[in-house]
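Asks: Quick one: structure below, then a few questions.
The values are calculated or read from the model by the stated rules, or taken from the named source; none is laboratory data. All of these numbers come straight from a predicted model, not from anything done at the bench. All Cβ positions, even for glycine, are placed from backbone atoms using ideal geometry, and neighbour counts span all protein chains on display. Surface areas here come from the heavy atoms of the whole protein model, side chains and all, with no ligands, DNA or RNA. Shrake-Rupley method; radii C 1.70, N 1.55, O 1.52, S 1.80 Å.
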Amino acid sequence: MNLHEYQAREIFARYGIPVPPGEVATTPAEAEAVARRLGGRVVVKAQVHAGGRGKAGGVKRAPTPADARAAAERILGMTIKGLTVRRVLVSRAAEIAHEAYLGIVIDRRQQAPVVMACAQGGIDIEEVAARAPERILRETVDPRYGLLPHQASRLAYRLYGDAPRARAAAEIAQKLYRTFLESGASLVEINPLVTTPQGELQAIDAKMVIDDNELVRRPELQALRDVEGEDPGEVEAREAGLSYIRLDGDVGCCVNGAGLAMATMDLIQYYGGRPANFLDIGGSSRPEKVIAALSIITRDPSVKSILFNIFGGITRCDDVANGIVAATRESKLPVPITIRLTGTNEDEAVRILESAGFAAMTDMDAAVRKAVELAPAQPQAG
Ligand code: GDP
Ligand code: MN
């Protein structure tokens, strides 16, 4: 679960990380009022679950409260990476002499948190990682001991040449680690970590991703979820009990079981196609799940071909077939569908599908090939 910047910075502040004062606003008038309360120059920032807001015009400086109102007028309602801006953060403007990056993520290979820092902050850290990976400093944390003082210091002294800033940065890194650990986060990020002309450090941007599995024990974080700000397909999937992850291909897939879903995606790629999503309808196959799955897949405009791959065990093929028939009774599918099912109640499923005008296949390899062929070839970028 992603937190908005205004939520993450509140948590950062609770852990003693220096953030400029600010408040969230939903209307231009509110933004003006916040700016007046803060006094002086402010920045007005779009609150959406997307990076690169600065480049997209979602971060504007406002010298006066009237300017803050005007900036909020322009930013509210704006679309950034497909997400509509419904809230802005109005924050006291910081003066910036230098921008660095400081973040913590879980490194799956090392099975441990890694603290990362970079003297070139502000911009996309992924870009730096791709172009000049040696510029990213790392300290792997042994989760039994946490981020040790000498590790934080080593990182901070490599990041900044001078002792006062290095000491301050080491302290911020320790606080950020506590934030990360106690929030059940999979990522925390300060980008940029700013040095003011007076030599003080401030967190100007705040990003937190909470591991969904940690939310059951943290109702106070669960309450911060902004359903309106999330991908509607992922919201519907969560509510229907489906595991769904949107990808950038064009073959929409609906599979039972995560392992088979991964194998199906591999096979799609093997035959030159690109999966539009990962979707696991799980072990049971109530027709409602299939209906929800089809609604989620067809909502994605990049889907050009749909593939069902069902290996019936506990999942009954006839349930899935009934789901497909029910889902398509009212409205026809906008794109071709390829259905492969085998196992429990397979014959019954084939009968149901064929009498509704669908073709059913039993061979996975042939079905995947067909689904890839039915997605028109896209011109390759670059
Ligand atoms: P992002 O583009 O979504 O990562 O949004 P950020 O909060 O990181 O803002 C983008 C850029 O706007 C920063 O790297 C800064 O250069 C600039 N910026 C943001 N807040 C301030 C501020 O308070 N003062 C100044 N001078 N620049 C700011
Ligand atoms: Mn940023």
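Asks: Out of the residues in segment 65-81 meeting the condition of being in a loop (DSSP other than H, G, I, E, B) and more than 15 Å from ligand 1 (Cβ to nearest atom), tell me which one is surrounded by the fewest Cβ atoms within 10 Å (Cβ to Cβ). Break it down into steps so the answer makes sense when it comes.
Replies: First pass over segment 65-81, keeping only residues in a loop (DSSP other than H, G, I, E, B): 76-78, 81.
Those still in the list that are more than 15 Å from ligand 1 (Cβ to nearest atom) too: 76-77.
Values: Leu76: 21, Gly77: 10.
Per the stated criteria, the residue is Gly77.
Asks: Conditions first: (1) in contact with a Phe, Trp or Tyr (Cβ under 9 Å, 6 or more places away or on another chain); (2) under 22 Å from Glu95 (Cβ atoms). Gln47 passes all but one, so which condition is the exception?
Replies: (2)
Asks: Within segment 239-246, can one find any residue that is aliphatic (A, V, I, L, M), more than 16 Å from ligand 2 (Cβ to nearest atom), crowded, with 16+ Cβ neighbours inside 10 Å and over 19 Å from Gly323 (Cα atoms)? Give the steps one after another, and end with the answer.
Replies: First, the residues of segment 239-246 that are aliphatic (A, V, I, L, M): 240, 242, 245.
Those left that are additionally more than 16 Å from ligand 2 (Cβ to nearest atom): 240, 242, 245.
Of the ones still in play, those that are also crowded, with 16+ Cβ neighbours inside 10 Å are 240, 242.
Remaining after also requiring over 19 Å from Gly323 (Cα atoms): none.
The answer is no, given that none of the residues of segment 239-246 is aliphatic (A, V, I, L, M), more than 16 Å from ligand 2 (Cβ to nearest atom), crowded, with 16+ Cβ neighbours inside 10 Å and over 19 Å from Gly323 (Cα atoms).
Asks: For segment 113-190, please list each of the helices (runs of 4 or more DSSP H) lying entirely inside it that holds at least 3 residues being modelled with pLDDT of 95 or more and buried (at least 16 other Cβ atoms within 10 Å of the Cβ).
Replies: On the way: elements: 125-131, 149-159, 163-183.
Counting at least 3 such residues, we get 149-159, 163-183.
Asks: Can you name every one of the strands (runs of 3 or more DSSP E) wholly within segment 194-282 that holds 1 or more residues which are of a type in the set (Phe, Trp, Tyr) and either over 21 Å from Ala292 (Cα atoms) or modelled with pLDDT under 95 (or both)? Step through it out loud before you land on a result.
Replies: On the way: elements: 201-203, 207-210, 243-246, 251-255, 277-280.
Qualifying strands (runs of 3 or more DSSP E): 243-246.
Asks: Out of the residues in segment 40-55 that are more than 17 Å from His4 (Cα to Cα) and not β-branched (Val, Ile, Thr), which is farthest from ligand 2 (Cβ to nearest atom)?
Replies: So the residue we want is Gly40.
Asks: OK, next. Just checking, which of Gly282, Gly272, Gly249, Gly257 is closer than 23 Å to Pro336 by Cβ, in the same structural domain as Gly312 (by TED's automatic domain parsing) and more than 20 Å from the chain's Cα centre (by Cα)?
Replies: Working: Gly282 fails: closer than 23 Å to Pro336 by Cβ; Gly249 fails: more than 20 Å from the chain's Cα centre (by Cα); Gly257 fails: closer than 23 Å to Pro336 by Cβ.
Checking each option against the conditions leaves just Gly272.
Asks: For Glu214, are the conditions met, namely being among the charged types (D, E, K, R), over 27 Å from Ser91 (Cβ atoms) and free of Cβ contacts under 8 Å to residues at least 24 places away in the same chain? Explain how you work it out, then say what you get.
Replies: Values: among the charged types (D, E, K, R): yes; over 27 Å from Ser91 (Cβ atoms): yes; free of Cβ contacts under 8 Å to residues at least 24 places away in the same chain: no.
So Glu214 does not fit the description; no.
Asks: Something else about it: Just to be sure before I move on: is Gln110 more than 16 Å from ligand 1 (Cβ to nearest atom), modelled with pLDDT under 95 and not in a helix (DSSP H, G or I) in the structure I sent?
Replies: Working: more than 16 Å from ligand 1 (Cβ to nearest atom): yes; modelled with pLDDT under 95: yes; not in a helix (DSSP H, G or I): yes.
In short, yes.
Asks: For segment 32-56, name all the residues that are open to solvent by 20 Å² or more (accessible area, probe 1.4 Å) and more than 10 Å from ligand 1 (Cβ to nearest atom).
Replies: Glu32, Ala33, Arg36, Arg37, Leu38, Gly39, Gly40, His49
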